[in-house]
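Here the structure is laid out as structure tokens; the discussion comes afterwards.
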Amino acid sequence: MGERIYNFSAGPAVLPEPVLEEAQRDLLALPDAGMSVLEISHRSRHFDAILAEAERALRDLAGVPASHRVLFLQGGASLQFAMVPMNLLPAGGTADYLVTGVWSRKAVKEAERIGRVHPAASTESERFVRVPRADEIAVSPDAAYVHMTSNNTIYGTQWTNLPETGSSPLVSDMCSDIFSRPVPVERFGLIYAGAQKNLGPAGLTVVIVDEALLARSPDVLPSMLSYRVLADGGSRYNTPPVFAIYLLGLVLKWLAAQGGLEVMAAHNDRQAARLYAEVDRTGFYRGVAERESRSRMNVTFRLPTTDLDGRFAREAAEVGLDGLAGHRTVGGLRASIYNAMPDAGVAALVEFMQEFERTHG
Ligand SMILES: *Cc1c(COP(=O)(O)O)cnc(C)c1O
């Protein structure tokens, strides 16, 4: 069997080792089923149990109130960019967007195909190195919803306080920080996240939606694009991503065993603080995001030259620290330290940073 290295990639990303081991055991034959989890029918009692347990574990972990439905969908966050306005933006209405990076800009672009969009705040003129302050946000009084990106994976920025949205439902793209900390689900009309960053493998999108919003889905929408139809179908309107839901269930169980989201948040704060302390230590490394906006999931930094950035990523990969190059649109370096990143991975990266500075600084 191959040696595991430390995977700092932004996504698909590191998964908890005990989860991978359990999946490996079930891959040939699921206990009691006599066949692989990859082979069972999505209408079998085995999958009934997997689906019910995944939803129960998610509700327990995040404290999802009875008012909200949990949907297991496909198409990634990129399909949610379109589905959110298709379902929630009525003809003649306006949707507000807080523009904090490339992903929120893509969400805006899809919404503009459907209806009117009002940018309620944007930090684009500062190259997205921070999220907006409360006094910079101007929400329309009658916004159909307000859309935010809770963690900006590419720039390494993260919201700490939720924006005030009056009576308009708050919608969040939580792809890269879902369940890295407690989520006040009752404050959101809708939350969506592709699983491949903090929840499981690619191919599954988790949507948590206030049941009251389902009435907005227009009857003319194609079934596979309608939250109402998908909710009525209990995430089984068509064949769902069986394996990805199974693995999500294992990750949720693992998170609960770690102590839940409060414990996870404290752990992630600690891990991020260790890395930022190293970034700030001498001035050789420079953090990309402004301090108050720094992400606890994606730590972005730069070296004095782009040549050194490239060298850092290459030499780190050679010693088993993989995926540290920044996003292709911004360059620099990025260490993604999702829930499943072991402490030893962060320790190894800090040690490598110190060694690299000694030899190249
Ligand atoms: C990765 C990412 C996306 C894109 O997700 P897909 O599942 O590839 O569509 C969108 N938003 C954020 C914040 C992301 O990190």
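Given R₀ = 22 Å, FRET efficiency for Ile5-Glu355 by Cβ-Cβ distance, to 0.05? According to the calculation, E is roughly 0.85. You can think of it this way: the chain between Arg45 and Gln24 has 5.5 nm of extra reach, that is 0.36 nm per residue less the Cα-Cα gap. Each part gets one Cα centre, and for region 1-31 versus region 166-186 those centres are 27 Å apart. Between Leu221, Leu73, Leu303, the Gaussian network model of the chain with springs among Cα atoms under 10 angstrom shows the greatest mean-square fluctuation at Leu221. A Förster radius of 56 Å combined with the Cβ-Cβ distance from Arg311 to Ala66 puts the calculated FRET efficiency at roughly 0.55.
When only the Cβ of Lys, Arg, Asp and Glu is charged (+1, +1, -1, -1), the dipole of the chain relative to its Cα centre reaches about 480 debye. Working from Cα pairs under 8 Å separated by at least six residues, relative contact order for the chain is 23 percent. For region 229-275, the square roots a ≥ b ≥ c of the C-alpha gyration tensor eigenvalues yield an a/c of 1.5 or more together with a/b exceeding b/c, which makes the shape prolate.
Over the chain, all Cα pairs binned in 10 Å intervals from 0 give whole-percent P(r) values of 5, 24, 31, 25, 12, 3, 0, listed from short to long. Summed over all non-identical Cα pairs, the Kirkwood treatment of region 260-360 gives a radius of 13.7 Å. Computed from label points 7 Å out along Cα-Cβ, the spacing between Ala52 and Ser125 is 5.6 nm. Working from Cα pairs under 8 Å separated by at least six residues, relative contact order for region 260-360 is 27 percent.
Kirkwood radius, region 1-134, all distinct C-alpha pairs, inverse of mean reciprocal distance: 19.1 Å. From most to least packed by mean Cβ count within 10 Å, the peptides 250-258, 134-142 give 250-258, 134-142.
Read-outs: derived from the displayed coordinates by stated rules, not from any lab. As the structure is a computational prediction, the values presented were derived from the model and not from experiment. Backbone-built Cβ (ideal geometry, glycine too); neighbour counts: all protein chains shown.
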